[in-house]
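Following: one structure in structure tokens, then a few remarks.
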Amino acid sequence: MLKLIGGVLIVICGTLGGIYFSLRLRKKAEFFEQYIMFLTQVQTMISYGGMSVREILREINIPLAEPILTDTEKYMDNGEAIETAWKKAVDENMKKQHFEKADIEIIEYFGNMFGVSDREGEVSKIKLHEELVRERWERLKSEMNSKCRVYRIVGMFCGVMTAVLIC
């Protein structure tokens, strides 16, 4: 009886591992989707509101990007430039969530170009950056469609195989 319960628990653990990896991939895709919304809002605020960098960071309310925006503002309050503040905030928050280096570099690029030119220049740079981010988001969506189910199945299969070998 104990072997059966142990085997079932091992299968459940394997399945949960697969679910964890599929949810991590889904969260990355959701982050990029919300980041695109962030870029759209920034474009609008610059185009029509003529807002400063600090005002934009305070006004935008996007849940997945919120820690990055808050940390950037905190670093800027400590006297750092937008470029270094954004880079630090992105590094801190995205490494915790296990983003790939290429993803982090894409997001860090925004800080390097934000707030350094006139209104039209800012909007055009943000549009170009949005296209790059949109490409990454599309790739993540296709990965998500193909890999999420595979992660769950492989996790369950590994759990079953481990339970069979142990029990």
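Computed quantities for the displayed model
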| item | result |
| --- | --- |
| Identity of the residue in the range 55-78, hydrophobic (A, V, I, L, M, F, W, C) and closer than 12 Å to Ala89 by Cβ, that ends up farthest from the chain's Cα centre (by Cα) | Met76 |
| Close pairs (7 angstrom Cβ cut-off, 6 or more residues apart or separate chains): farther than 22 Å from Arg26 by Cβ and in contact (Cβ under 8 Å) with a residue 40 or more places away in the chain in the range 93-113, of a type outside the set (A, V, I, L, M, F, W, C) and buried (at least 19 other Cβ atoms within 10 Å of the Cβ) anywhere | Phe110/His129 |
| Test set (1) touching a helix residue (DSSP H, G or I) at 6+ places or on another chain (Cβ under 6 Å); (2) assigned to a helix (DSSP H, G or I); (3) within 15 Å of Ala29 (Cα to Cα) - Ile62 fails condition number | (2) |
| Single match in Tyr20, Tyr35 (criterion: buried (at least 16 other Cβ atoms within 10 Å of the Cβ) and assigned to a helix (DSSP H, G or I)) | Tyr35 |
| Some residue of the range 41-58 being farther than 22 Å from Glu138 by Cα, assigned to a loop (DSSP other than H, G, I, E, B) and not aliphatic (A, V, I, L, M) | yes |
| Qualifying residue in the range 78-87 (condition: modelled with pLDDT under 85, touching a Ser or Thr at 6+ places or on another chain (Cβ under 8 Å) and not hydroxyl-bearing (Ser, Thr, Tyr)) | yes |
| Any hit, the range 159-167, residues being of a type outside the set (A, V, I, L, M, F, W, C), over 18 Å from Phe31 (Cα atoms) and more than 16 Å from the chain's Cα centre (by Cα) | yes |
| Search result, residues across the range 117-137 that are under 15 Å from Phe31 (Cα atoms) and free of Cβ contacts under 8 Å to residues at least 24 places away in the same chain | Glu135 |
| Residues that are surrounded by fewer than 13 Cβ atoms within 10 Å (Cβ to Cβ) and at positive phi, drawn from the range 114-143 | none |
| Pair list, Cβ < 9 Å and 6+ apart or interchain, from the range 19-32 residues that are touching a residue at least 60 places away in the same chain (Cβ under 8 Å) and farther than 17 Å from Met94 by Cβ to residues that are of a type in the set (A, V, I, L, M) and in a helix (DSSP H, G or I) | Phe21/Val154; Ser22/Met144; Ser22/Val150 |
| Test: residue in the range 22-44 that is in contact with a Ser or Thr (Cβ under 6 Å, 6 or more places away or on another chain) and not polar (S, T, N, Q) | no |
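The values are calculated or read from the model by the stated rules, or taken from the named source; none is laboratory data. For clarity, every value in this text was computed on a predicted model and none was experimentally measured. Positions of Cβ are generated from backbone atoms using ideal geometry, with glycine treated the same way; all protein chains shown enter the neighbour counts.
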